[in-house]
Amino acid sequence: MKYIIWIAIFLFLQGCSVKSPLKVYTLHSDTSLKAYSDKFKDKTMKVAYPQGLKEKMGQNMQFSYSDIEHGSYQNSKWSNTVEQLLQGILIQTLQQSELFGGVFSYTSTVQADYRLESTIFDFSHRVRGNTSYAMVSIQFSLIDAKSGRMVKGKLFNYSIPTATTNAKGYVDAANIAINILNKDLITWLKV
């Protein structure tokens, strides 16, 4: 009888300690955007590592239930840091757009004509009751690499409704925001 009680307790504790599997998500975008402009055709660009200002980004997926309640999903995360995912998408999108003669990571030893810097103000899941949004707010600065002067700058803000209030809904909406951002960024750079 004593053994049966211990086995029952053991099985009960095992059932309580079962964790949900960790889900890993990534950002993706349509990189088939073409930009027909002669303005930068013979110029090169380096894409700087995006800087986050508010919360620590990393691989954690950020959410908020109010302006003062913030947290990170425990069973869902990004496949890499948000900054690295964004930098990779920006480089790939700009390369595929053929707007510039060459697009490189900031760590490249190539002497570039321009540098694209970005500051992330918000990249989070805003949940308010039964509705939620993927929030993306990024400021870009196009810098003349030789003079160090800013050519132009722009803040891009997106609030995309999610289909669900969980991490999967957030990721799907964030990817929609990234696709819109890429189109808007290419259009802005062309002018």
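Data overview
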quantity: Quarter of Cα convex hull surface for the range 145-191, i.e. mean projection, nm²; calculated: 4.4
quantity: Kyte-Doolittle mean at least 0.0 and Cα axial length at least 27 Å: DSSP H helices in the chain; calculated: 167-190
quantity: Cα→Cβ-extended label distance, 7 Å offset, between Ser105 and Arg128, nm; calculated: 3.9
quantity: Coil-residue chymotrypsin sites (Phe, Trp or Tyr not before Pro) of the range 35-126, DSSP, other Cβ within 10 Å capped at 16; calculated: Tyr36, Tyr65, Tyr106
quantity: Mean residue ellipticity (222 nm) of the chain, computed from DSSP H runs ≥ 4 via -39,500 (n - 2.57), nearest 500; calculated: -10000 deg cm²/dmol
quantity: Projected-area mean, the chain, by convex hull of Cα positions, square nanometres; calculated: 14.7
quantity: Top positive-direction residue, dipole computed over the chain with Cβ charges, set Ser72, Ile176, Thr165; calculated: Ser72
quantity: Stokes-Einstein D (µm²/s) once Rh is taken as the Kirkwood radius of the range 76-149 over alpha-carbon pairs, at 10 °C in 1.306 mPa s; calculated: 109
quantity: Net dipole in debye of the range 2-190 [+1 Lys, Arg Cβ; -1 Asp, Glu Cβ; about Cα centre; nearest 20]; calculated: 140
quantity: Contour minus Cα-Cα distance for Ser147 and Leu53 (0.36 nm per residue); calculated: 31.3 nm
quantity: Cross-link pairs Lys77/Lys183; Lys46/Lys77; Lys39/Lys168; Lys43/Lys183; Lys34/Lys168; Lys77/Lys146 - those with Cα-Cα distance over 32 Å; calculated: Lys39/Lys168; Lys77/Lys146
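Every read-out reported here was derived from the displayed coordinates using simple, explicitly stated rules and does not represent laboratory data. These numbers were taken from a predicted model, which means no experiment stands behind them. Note that each Cβ is placed from the backbone with ideal geometry, even for glycine, and that neighbours are counted across all protein chains shown.
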